[in-house]
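Colleague: Have a look at this one.
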Amino acid sequence: MSADCKDFISKLLEKNAASRLGTRGGLEEVLAHPWLDAIDSERIFEKTIEAPVKPSLSADPLDVSNFDTAFTGEEAIVSVINAGKM
């Protein structure tokens, strides 16, 4: 991952909502991040840009063929989050 990508993700995941990317300048602030320089946002808004990956979807809700086997081969872990402690 590039340094710009890491910076973009960390700013989106900032715990302090007041400091999080996009909270001060909205969408324009997010789109101004250097990691998105190569993205033509106008083409996205116009829906004229092709997706780089188009997964084939199955009617089977248990189909995991679009996920990496590194994840699908792991044992499932059930976790519970206590919402009262957030």
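Colleague: Which value in deg cm²/dmol, rounded to the nearest 500, describes the helix-derived mean residue ellipticity at 222 nm for the chain, given -39,500 (n - 2.57) per DSSP H run of n ≥ 4 and division by the residue count?
Modeller: -7000 deg cm²/dmol
Colleague: With a cap of 10 neighbouring Cβ atoms within 10 Å, and only residues DSSP puts in a loop, list the trypsin sites (Lys or Arg not before Pro) found in the chain.
Modeller: Loop-located and lightly packed - Lys15, Arg24, Lys47.
Colleague: Given DSSP loops and a limit of at most 15 other Cβ atoms within 10 Å, what is the longest stretch of the chain that contains no such GluC sites (Glu not before Pro)?
Modeller: Value returned for the longest uninterrupted segment is 15-45.
Colleague: Report the per residue volume, in Å³, of the convex hull enclosing the C-alpha atoms of the range 3-85.
Modeller: Cα-based convex hull of the range 3-85, divided per residue, equals 204 Å³.
Colleague: Long-range amide H contacts for Leu21: which residues qualify at under 5 Å (H placed 1.01 Å from N, peptide plane, sequence gap of 5 or more or a different chain)?
Modeller: Sorted by chain and number, the residues that satisfy this are Leu12, Glu14.
Colleague: What order do you get for 53-59, 31-37 when each peptide is scored by the mean count of other beta carbon atoms within 10 Å, highest first?
Modeller: Result, highest mean Cβ count within 10 Å first: 31-37, 53-59.
Colleague: Mind listing the phi-derived Karplus ³J(HN,Hα) values for the range 10-26, rounded to whole Hz, using 6.51, -1.76 and 1.60 with θ = phi - 60°, and x for any glycine or proline?
Modeller: 5, 6, 6, 9, 4, 5, 6, 4, 5, 9, 5, 4, x, 7, 9, x, x
Colleague: For the range 41-86, state what percent of all Cα-Cα pairs lands in each successive 5 Å bin, counting from 0 Å until the bin that includes the largest distance.
Modeller: It works out to 5, 13, 12, 13, 13, 13, 14, 13, 4, in whole percents.
We did not get these values from a lab; they are worked out from the coordinates using the rules stated. As the structure is a computational prediction, the values presented were derived from the model and not from experiment. Positions of Cβ are backbone-derived with ideal geometry, glycine not excepted, and every protein chain shown enters the neighbour counts.
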